[in-house]
Amino acid sequence: MNEANGTAATTTATRLGEVIEGSTTEFRTHCYDLYAAPPLGSLVRCGDRNSIYGIVCNVSTQSIDPSRHAIPRGRDAENEDEIYQDNPQLNRLLYTQFQAVIVGYNDGETTRRYLPPFPPRIHSFVYQCESEEVRAFSESLDFLPVLLSAPIDAQDDVIASFLRIAGACHDDGREFLVNAGKALATLMAGQLPRLNNVLRRMSS
Amino acid sequence: MSLFDDKADMVDQPKNEQGLNDGNGWHAEKGLGGEERRPLGMVVSGSLTEGMEVRLDGNTSIEKVKVGTFINIQGRDLQFFGVLTDVSLNSTDPSLRLTPPDVSNPFVFDVVSGTTAYGTITVEPMLTLSNDPIEAMDGPMPSKTIPPHFSKVSTASEDDIQKIFGSEDDSHFYIGNPLDMETKLCLNIEEFIKRSNGVFGKSGTGKTFLTRLLLIGILQNGTASNLVFDMHGEYGWKGTSEGSYEVKGLKQLFSSKVAVFSLDDESSRRRGLTPDYVVRIGYDEIEPEDILILQESLGLSPVAADAANSLKRELGKHWLSKFLDLPGGDEFNELATKINVHNGALSALKNRLSRLQNFDFIDRNTGHNSFNQILQYLDRGMHVVLEFGRYGNNLAAYMLVANLLTRRIYDRYVELKELAMGDPAQEPRPLVITIEEAHKFLSPALADQTIFGNIARELRKYNVTLLIVDQRPSGIDDEVMSQLGTKIACLLDNDKDTDAVLTGVSGSRKLRAVLARLESKQQALVFGHSVPMPVVIKTRDYGTPESYKELGFKDEVEVAGQVEQDIEDLFGPGS
């Protein structure tokens, strides 16, 4: 089996930002660039050594100063881009951050698909995983119980989004999705309506 | 390696530590024989009394598993063998029935099948065989325990069938194939002839074919002789199949070992057959007991039937001819008074018994030797088929002759067996008597009084057993049914008949489902002494040239070739 190798940090993976808040179950990343967060459900990795894997479960953009809310600026603008061109300071006043639920880690040898012993360090670099890394990580679906028990909002959408992204990274995406669906069906026994929703989102 | 292969254990099969699942899903295991075990699923619950509940793998189509299939369950130390007795659909979520998933989406359908919605089968464990090669030498034992959770369940392989039922040899006769398999399933013919046995099934389900095969099995084994009371001329020279083509009878296949006796030589000649002997019976050979068995077919009252005994006492050996010759009037009344029977009853008896005069095979001669002829043939190791010709449709004739001959055989065998106690060389050759319409002989009212009841119950000790062929087993006395060694049941759909056949069999409630769902032709459930466990078979082919050849039949060309070869072997080439 091809194991996801945590030392893959040396690859050309896109660096997205740094961890600004971390706990055993999730971490928050401040993106270097405005609106540069990965899509919901993406697999991200933080830390150059002993990397920790997370799945993006929430993305937000807000003002750097909590006391100064954004106000409308485009009454006379032709389009939205014009607002940013006319107000270059916006890129400094606003920032994008995303939250990732932790689903595994690499201890330098093996990828483990459960919670790490320590949370990520603040200022750890956060990378977006490439297709090959996503495929390797999703070779095993052992992380699904962690994802299902994580205290996050819109959990079903996160699961469906991740599986859809991972499916696209596998040679036989449909087979991957069917197996993942079967694993979910086992884990979500007794929650048929919820399972139905997830499956519909996975297949669409 | 694909995701599915790698993670099958995680996806739809719980891991277990016994290494029963190799992590790549179940792989078909090849037995020593040609036919492989086909994986079905794993044990998830069950009990010895209720059978094992087996959850089917997601890959196993529930439509491919059939009731009656022979199943192997691989335990940790033991292998279990059983019969599939039930198939059902289950779900992990009770709300599935109320709000079914959106199965119009093929993806959702694929995911839900085998996970949330899955199939289960019930397997009745019957036998165990140790995985330890030394302990396994003791052979299969009745199952006294059950396999643990998650034991791997598969269909049995050819090798399993041979381990359990033995392979074809002198004492094992190939009777048919297990369901959906080409493997030969054998009956232990030596065990078979030790006890009385029964072949049951509705009309047209293949009883006669099965019986013919069993007779051939007994004949080929050579330990016992057959005496067949062949009601409809199906066994001797030729029979007809349901497709109304003709099949060879025993005489055609094994002419040197089979003698055809006939009650109706005209009928035999019309069919182009010269019987070995034409049976004639004298009035003096008929006993009151023979009249008793005819009570129903002649429409006699119990009093009238009993009067036959008094008549015998009063009139002596030739009671029947004397009684039938008796004119009416004073002499008749006098006799009635003497034996203390009402005039009317005696008169009715006479009327009814006079019907026997219509049977050409009964006459007033006293020197008939038919019985001794039959016995001589049997003693020589021949097999006798008694054809009834036109009397085949006359139940009274059939019952009279069968009872009369069997009673005398009984007396003779008891005598011989007693002699054998002093001189083992006198041991009589075991005899299997085949009777059709057995419920007429063995009804609860008659079984105590007729010779067939006796044989079924105890004549095993005297080397005589019965092969009962019947379509109405519920009409047979319970005690007789319970004494039958091996029962072979074709399709029966009457509840009473099914109950009667399954009386005294462990797991009978579950076998009912199997029995009621047999196909109407060429399928039978076999259980009892000559098979280690109940099993459904597809009866072996009979009627094609290949099937005759398999049974050892040689056509004229082959026989001529064999003769030439023998001459050459004896006298050298060119002689």
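The values are calculated or read from the model by the stated rules, or taken from the named source; none is laboratory data. The structure displayed is predicted, hence computed values, not measured ones. Neighbour counts run over all protein chains shown; Cβ positions are idealised from the backbone, glycine included. Note: accessible area is taken over every heavy atom of the protein model, side chains too, but ligands, DNA and RNA are not part of it. Shrake-Rupley method; radii C 1.70, N 1.55, O 1.52, S 1.80 Å.
Candidate cross-link partners of B:LYS184 among the aspartates and glutamates, defined by an alpha-carbon separation under 15 Å and a same-chain spacing of 8 or more, comprise B:GLU35, B:GLU36, B:GLU158, B:ASP159, B:ASP160, B:GLU168, B:ASP169, B:ASP170, B:ASP541, B:GLU550. Residues considered: A:ASP153, A:ASP65, A:ASP107. Largest GNM mean-square fluctuation over chain A, using C-alpha springs under 10 Å, is found at A:ASP65. Residues of the stretch B:105-128 buried by at least 20 Å² of accessible area upon assembly of all protein chains, compared with the chain on its own (1.4 Å probe): B:ASN105, B:PHE107, B:VAL108, B:ASP110, B:VAL111, B:THR115, B:THR116. Of all DSSP bridge pairs formed entirely within the stretch B:395-531, close to 40 percent run antiparallel. Of all aspartates and glutamates in the structure, those lying under 12 Å Cα to Cα from B:LYS510, and not within fewer than 8 positions of it along the same chain, are B:GLU50, B:ASP86, B:GLU124, B:ASP499.
For the protein assembly as shown, the solvent-accessible area of protein heavy atoms averages 45 Å² per residue (probe radius 1.4 Å; ligands and nucleic acids excluded). For the stretch B:362-369, the Karplus equation 6.51 cos²θ - 1.76 cosθ + 1.60, evaluated at θ = phi - 60°, returns couplings of 9, 9, 8, 4, 10, x, 5, 10 Hz by residue, with Gly and Pro reported as x. Remark: the B:LYS554-B:ASP180 segment gains 131.6 nm on full extension, using 0.36 nm per residue and subtracting the alpha carbon distance. The mean number of Cβ atoms from other chains found within 10 Å of a Cβ in peptide A:194-200 is 4, as a whole number.
With a 10 Å cut-off around each Cβ of B:93-102, the average count of Cβ atoms from other chains is 3.
Dipole magnitude for the protein assembly as shown: about 1700 debye, using +1 per Lys or Arg Cβ and -1 per Asp or Glu Cβ, origin at the Cα centre.
Here the label points at A:ASN79 and B:LEU48, each 7 Å from Cα along the C-beta direction, are separated by 8.1 nm in the simple model. Say we join alpha carbon atoms closer than 10 Å with springs in a Gaussian network model of chain A; which of A:GLU130, A:GLU21, A:GLU82 then has the biggest fluctuation? Result: A:GLU82 has the largest fluctuation of those listed. Sorted on the mean count of surrounding Cβ atoms within 10 Å across their residues, most packed first, peptides A:179-191, A:52-64, B:224-236 read B:224-236, A:179-191, A:52-64. When A and B come together, around 2200 square angstrom of accessible surface is lost from both chains combined, probe 1.4 Å.
Once you reduce the stretch B:308-373 and the stretch B:428-445 to the center of their Cα atoms, the two points are 26 Å from each other. Label sites at B:LEU96 and B:THR503, each approximated as a point 7 angstrom past Cα along Cα to Cβ, lie 4.2 nm apart.
Note on chain A: GNM, Cα springs under 10 Å; of A:ASP171, A:ASP33, A:ASP76, the largest mean-square fluctuation is that of A:ASP76. Roughly how far apart, in whole Å, are the Cα centres of the stretch B:533-570 and the stretch B:173-241? First find each Cα centre; the distance between them is then 17 Å. Couplings 3J(HN,Hα) of the stretch B:309-324, computed from phi: 4, 5, 4, 4, 4, 7, 9, x, 4, 8, 4, 6, 5, 4, 5, 5 Hz, in residue order, whole Hz [Karplus 6.51 cos²θ - 1.76 cosθ + 1.60, θ = phi - 60°; x for Gly and Pro].
Using alpha-carbon positions, what is the distance between the centroids of the stretch A:126-204 and the stretch A:75-119, in Å? When both Cα centres are located, 21 Å separates them.
Taking 18 Å as the cut-off, the amide N atoms of the stretch A:179-200 that come nearer than this to a point 7 Å along the Cα-to-beta-carbon line of A:ASP142 belong to A:180, A:183-184, A:187.
Here the contact order of chain A, divided by its residue count and restricted to Cα pairs under 8 Å and six or more residues apart, works out to 28 percent.
In order along the stretch B:447-452, the phi-based Karplus estimate (6.51 cos²θ - 1.76 cosθ + 1.60, θ = phi - 60°) of 3J(HN,Hα) comes to 4, 6, 9, 9, 5, 5 Hz; Gly and Pro are listed as x.
Ligands, DNA and RNA left out, the 1.4 Å accessible surface of the protein assembly as shown is 48% carbon and sulfur atoms.
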